[in-house]
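Each value in this text was obtained by applying a stated rule to the coordinates, not by laboratory testing. Fair warning: this is a prediction, and the values are worked out from it, not measured in the lab. Heads up, the Cβs are rebuilt from the backbone with ideal geometry, glycines too, and the neighbour counts pull from every protein chain shown.
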Amino acid sequence: MNTLTAAKLVAARELRVKLHDKTFVFSMLSLLFFAVAAGVLPALLNGGPVTVATADTTVAATLAHNKEFKPLKVADDAAAEQKVRDGAAAAAVIAGPEVLAMRETPKDLVQALSVSPHTRLLDPNAVNQTLAFLVPYAIAFVFFSTNLLFGMQIAQSVTEEKQSRIVEILVASVPVRALLAGKVAAMTLLSLCQITLLGIVALTGARFAGVDTGALHLLEPAIGWFLPFYAIGFVMLATLWAAVGALAGQQQDLQGTSLPVQLTVMAPFILVIALRSHVAAIRFMAYFPLSAPVAMPVRLFGGHAAWWEPVAALLILAATAALMLLLGSRLYEGSLLRTNGRTSWATAWKSRTAF
Amino acid sequence: MLYVDAVSRSFDARRVLKGVSFAVAGGRMTGFVGANGAGKTTTMRIILGVLAADEGELTWNGSSLTREARQRFGYLPEERGLYPKMTVADQVVYLGRLHGLDRAAAVRRTAELLDRLGLGERAGDKLEKLSLGNQQRAQIAAALVHDPELLVLDEPFSGLDPLAVDVVVQVLRERAAAGVPVLFSSHQLDVVERLCDDLVIIADGMIRAAGPRERLRSDHTLPRYQLRVDGDTGDTGWLRDVPGVTLLDLDGARAVFELAPGTDDQEILRAALARSPVRSFGPVVPTLSEIFREVIR
């Protein structure tokens with residue numbers, strides 16, 4: 001049996017075991033649930049059109065053209081005021097013209113009835129402030145949390161095989177590389193499915209929430225590019241996750257050995273959010289492999305990137321991933337069969353000749 | 001036939017195997033004995049390819065041992081372990097497939113073996129729910145599921161209750177009878193003595209003795225005899241005065257003695273018969289532990 005067939009068998013087992021693991025499935029579902037909630041709730045909370053009571057036919061006709069309002073025709077101004085007091089209407093327009101409401105000034109209604117000066121936007125691509133914060137934050141958070149969730153799964157699965165001692169039988173049956181490749185492939189696949197689902201949910205949510213088309217125009221490529229960046233970014237760190245799993249002899253050592261990789265995932269999350277409006281910093285991070293999966297989509301969303309920029313960053317990322325694969329698999333192989341407690345990085349690096 | 005040829009291996013500066021050579025022949029049970037730290041486990045790991053040899057070579061049926069050939073070997077490591085949260089049947093099937101069986105064959109073989117080892121009813125249970133003895137049986141099923149062409153078992157009987165030992169012995173004997181070479185290590189020399197056809201004795205990383213059990217026995221048999229006569233009518237005290245006889249142990253009707261070279265054992269027997277009825281007379285065959293103690297000295 002060749003390495004590929006063996007790796008497929010290993011991957012199939014990993015998938016089966018993980019999908020039967022209730023804690024893991026729960027983590028996946030809750031991430032998805034948050035995405036759904038974040039996307040759809042604002043749209044639901046926004047509610048339907050606002051009911052406006054008025055006796056004035058012209059006003060009623062004007063409001064009827066605006067889908068944000070629902071005119072309620074009443075006999076006179078007193079009746080209109082009564083409707084507002086009863087709660088049957090949110091606001092009323094009476095002679096004057098005067099706008100009545102209970103506590104807050106209905107700004108949208110006032111604006112709809114006013115004549116606004118003509119505005120000319122100098123940077124029409126600029127995204128509104130809420131989205132400018134929300135989207136980088138969401139991309140960084142999704143990268144960070146799914147990488148941590150699925151990366152830790154790789155590490156735990158390696159540690160489990162070491163701790164239960166089955167690893168010696170496995171190594172005697174299939175090439176070590178097949179074991180590693182199978183685990184990495186299974187988790188990459190699962191996490192990519194998760195990310196794709198999140199992406200679809202986010203875009204659908206954005207449409208529901210009525211995000212204006214200009215922002216959608218930027219959001220779509222940002223999320224579209226995020227997928228390949230995410231996949232290669234995940235693979236880049238996957239063998240390192242496996243290596244820290246092998247360095248730990250037991251589950252309780254895993255927090256300690258995995259800390260450097262956890263920090264590696266956390267750093268771009270914090271930096272990209274902190275420096276999101278600093279164009280030069282984001283440009284640098286968009287090319288730096290460890291932060292590229294977060295920073296490049298953010299840069300794309302900001303509308304600052306030329307078409308070739310994500311391609312170039314992706315190539316740099318892929319080259320780094322290839323290097324990291326070698327590095328991680330060497331550490332993994334060097335520590336896999338050292339079953340006496342924790343292995344140091346240096347020992348693992350040097351002792352590859354064990355095979 | 002597996003040949004281990006002049007294999008050496010060091011860990012850091014410590015040489016744990018120093019030119020180890022021996023053969024494991026098809027159809028025979030080869031016992032591998034040695035004290036703790038003598039190099040048994042390291043040798044077995046090298047045979048399975050879990051460790052690499054620094055020097056030396058392994059050949060399998062005449063050609064250099066490859067990964068493909070090793071994949072058809074069965075291995076029971078000293079450090080036992082399976083997936084605690086997987087069911088017994090699932091993991092035996094999985095390991096069978098990793099050894100190259102297709103799904104249907106792996107499922108069929110797993111069911112057969114688990115029944116045979118008395119685990120049929122526990123097949124659907126998670127491993128961690130089983131008693132230690134039953135986990136051990138599952139481990140043996142994992143080593144045998146793919147009908148291995150060579151079996152390497154590191155301490156296969158430790159942790160097994162006597163009933164399970166019998167079942168496992170029977171299964172291993174069947175494999176050997178089918179022509180499979182079986183190499184197993186054990187601390188329990190009486191078990192090895194009962195089971196093995198061939199014997200390999202290792203001490204301090206060197207092979208001290210290797211070959212068929214009977215030949216090792218005769219090689220290490222001293223010119224030592226035991227005479228037992230009828231207890232009511234005779235005794236053996238007269239042996240004291242026979243030239244060429246050195247008494248080692250005398251207990252009325254029973255005596256153990258050594259004969260000087262050139263002394264005829266049949267003369268002694270005739271002399272004994274002339275005095276009283278003889279119940280038994282013959283050379284003292286050394287036990288495995290005696291041979292072991294002698295060769296590792």
Most mobile of B:Gly237, B:Gly56, B:Gly211 in a GNM of chain B (Cα contacts under 10 Å):
B:Gly237
Using alpha carbon centroids, what distance separates segment B:35-53 and segment B:193-245, in Å?
31
Hey, if you drop one equal point scatterer on each alpha-carbon of chain B and run the Debye formula without solvent, what base-10 log of I(q)/I(0) do you get at q = 0.10, 0.14 Å⁻¹?
-0.66, -0.99
Taking r as the C-beta separation of B:Phe281 and B:Arg215 and R0 as 22 Å, the FRET efficiency to the nearest 0.05 is 0.40
Sequence-distant or interchain residues sharing an amide H contact under 5 Å with A:Arg342, placed H: which?
A:Gly249
For segment B:109-114, 3J(HN,Hα) per residue [Karplus equation, 6.51 cos²θ - 1.76 cosθ + 1.60, θ = phi - 60°, Hz, x = Gly/Pro]:
4, 4, 4, 4, 5, 5
From the phi of every residue in segment A:270-287, what ³J(HN,Hα) in whole Hz does the Karplus formula 6.51 cos²θ - 1.76 cosθ + 1.60 yield, where θ is phi - 60° and glycine or proline is x?
6, 5, 5, 5, 5, 9, 4, 9, 8, 4, 5, 5, 5, 4, 4, 5, 5, 9
State the percent of C-alpha pairs, over all pairs in the protein assembly as shown, separated by a distance greater than 43 angstrom.
49
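Run the dipole for chain A about the Cα centre, Lys and Arg Cβ at +1, Asp and Glu Cβ at -1, nothing else charged, and hand back the magnitude in debye, nearest 20.
1480
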Based solely on its DSSP helices, what 222 nm [θ] is calculated for chain B when runs of n ≥ 4 H residues each add -39,500 (n - 2.57) and the sum is averaged over all residues, nearest 500 deg cm²/dmol?
-10000 deg cm²/dmol
Among A:Ser258, A:His304, A:Ser291, flag the residue with its Cα farthest along the positive direction of the charge dipole of chain A, charges on Cβ as +1 for Lys/Arg and -1 for Asp/Glu.
A:Ser258
Please compare each pair in A:Lys183/B:Lys40; A:Lys183/B:Lys85; A:Lys162/A:Lys183; A:Lys70/A:Lys107; A:Lys22/B:Lys85 to a cut-off of 21 Å on the Cα-Cα distance and tell me which ones are over it.
A:Lys183/B:Lys40
Note down the nm distance, to one decimal, between modelled labels 7 Å out along Cα→Cβ at B:Gln188 and at B:Glu57.
3.9
Using +1 at the C-beta of Lys and Arg and -1 at the C-beta of Asp and Glu, which of A:Ala140, A:Val184, A:Ser173 has the Cα lying farthest in the positive direction of the dipole of segment A:133-211?
A:Ala140
Two-site label geometry, B:Arg270 and A:Leu4: point separation in nm, points 7 Å out along Cα→Cβ:
8.2
Dipole magnitude of chain B about its Cα centre (Cβ charges: Lys, Arg +1; Asp, Glu -1), debye to nearest 20
760
Taking chain A as a Gaussian network, Cα atoms linked when under 10 Å apart, which of A:Val142, A:Val50, A:Val158 shows the biggest mean-square fluctuation?
A:Val50
Signed unit charges on C-beta, dipole axis of the protein assembly as shown, positive-most listed residue B:Gly62, A:Leu216, A:Tyr230:
A:Leu216
Taking the Cβ-Cβ separation of B:Asp197 and B:Thr233 as r and a Förster radius of 30 Å, what is the calculated FRET efficiency to the nearest 0.05?
0.10
Correct semi-axes for segment B:147-213, from √(5λ) of the alpha-carbon gyration tensor and rounded to whole Å with the largest first, are 20, 16, 11
When each pair of different Cα atoms in segment A:238-291 is counted once in the 1/r mean, what is the Kirkwood radius in angstroms, to one decimal?
12.5
Run the quick spin-label model on B:Arg108 and A:Ala101: label points 7 Å from Cα toward the beta carbon, then report their separation in nm to one decimal.
7.8
Would you work out the relative contact order for chain A, in percent, from Cα pairs under 8 angstrom that are 6 or more residues apart?
20
Binned Cα-Cα distance frequencies in chain A - 10 Å width, integer %:
5, 20, 23, 18, 13, 9, 7, 4, 1, 0
Charged-residue dipole, Cβ positions (Lys, Arg, Asp, Glu), the protein assembly as shown about Cα centre, Debye nearest 20:
980
